[in-house]
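The block underneath contains the structure these notes are about, expressed in C-alpha cells.
The values are calculated or read from the model by the stated rules, or taken from the named source; none is laboratory data. What you see is a predicted model; the values in this text were computed from it and never measured. Cβ coordinates were reconstructed from backbone atoms using ideal geometry, including for glycine residues, and neighbour counts include every protein chain displayed. Keep in mind that these areas ignore ligands, DNA and RNA; they rest on the heavy atoms of the full protein, side chains included. Shrake-Rupley method; radii C 1.70, N 1.55, O 1.52, S 1.80 Å.
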Amino acid sequence: MTLPRRWLLMPALALATFALIACSGGEETDPTPTGTTAAQVTPAAATATAESTPQFAAQSPQDLQSYRYRVNVTVAAEALDDSEAPTGLDLDGNLTLGLEGAVVNPDREHTSTAIDIGFLTLSTETVRVGDQEWTRAGQGAWSASTSGEGAEALFDADFSPASIFTTSADFDYEALTARLEEHGWKDEEVNGVRARHYSFTEEEFYSTFETDEAVLPADIDATFTADIWLAEDLGVPVRMLIVGVDGAGTEILRLEMDVTDINSQIAIDPPV
C-alpha cells in the first residue's frame, strides 16, 4: 500500500514477506550509541544558537550522494504474521535479521543479509546497478536478473534506510521539520556526527510523522517507543531504535538501524 504525504516507517510485520534472495550477512550492533551527551536541547535553546549553525531541515536518505548502513531486527513469534509463508512452514520462534549495505544514489546498492528463523539460517547477497541485479546465496554463484524479477519470495520487505524512510513527491518536509522543532530533542554525537536525538511514544510517533502504517500487529496488546537520531547538518537519519513490548512488558520487537560514511567515496560495481 502506498500512502501519500508520508515519511513511512516500514512495519516490522513486513518480515513475514522478506525476500530471501534480496540481500546477506550482518553482524550485531551495539544498541547503545557511544559518545553521547545527556544535555536536553529544546527548541528555544536551538534558536539561541541559530546564528552559529546551519538551519536544521529534515530530509530523506534518498537525497544523499552515498552512505553505508547496518540493520538488526528481532521479532518474537507472537508478532509475526506467517499467513503468506509456504504451506507447512511454522514460524513459531523468534526471527532475527542482520543486514549490511552500501548505497550510491540514485541506482547502486550492495546488500548482504543473514536471516535466522530458528530451525533455518540463510544468507544472501545482492548487487544492484541501474535496472540490473546480481544475487547469490551464501558464497554460491551469482545469478543475474532485471530488478523486480527475482524468484518467488518467502519474506518480502526491504529494511534499507531508503525504504524505511520513504517519501512521496509532494511530501512536506518543512512541515515535518516544524513538528520536530516543537517536539524537543537531545544534542548527541552518534556514528561520528552531531545529531538530534528524538524520543517518541507510539502516539507521538504517529502524530509527528503523520503515518497510519502499523508498526505492531493490531490484534495483540502491544505498544512501541521510537528513538531517531537525525544529523544536525543534513537532517537525515543516522540511527534509529524501535522497541515494541506486549501487555506483560515483554519485548516482542527490536529494530536497530545505523547509517555511516555519509557522502563518502563508495564504489559499487557488478560482481566479477
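Observations
- Normalised contact order of segment 113-272, rounded percent, pairs of Cα under 8 Å and 6 or more residues apart: 16 percent
- Accessible area per residue (1.4 Å probe, heavy atoms of protein chains only) ranks Trp134, Trp185 as Trp134, Trp185, with the largest value leading.
- Asp131-Glu174 FRET efficiency (beta carbon distance; Förster radius 22 Å; 0.05 resolution): 0.10
- Relative contact order %, segment 104-149, counting alpha carbon pairs below 8 Å whose residues are six or more apart: 28 percent
- Rounded, prolate or oblate (a/c below 1.5 giving rounded, otherwise prolate when a/b exceeds b/c) for segment 139-272 by Cα gyration tensor: oblate
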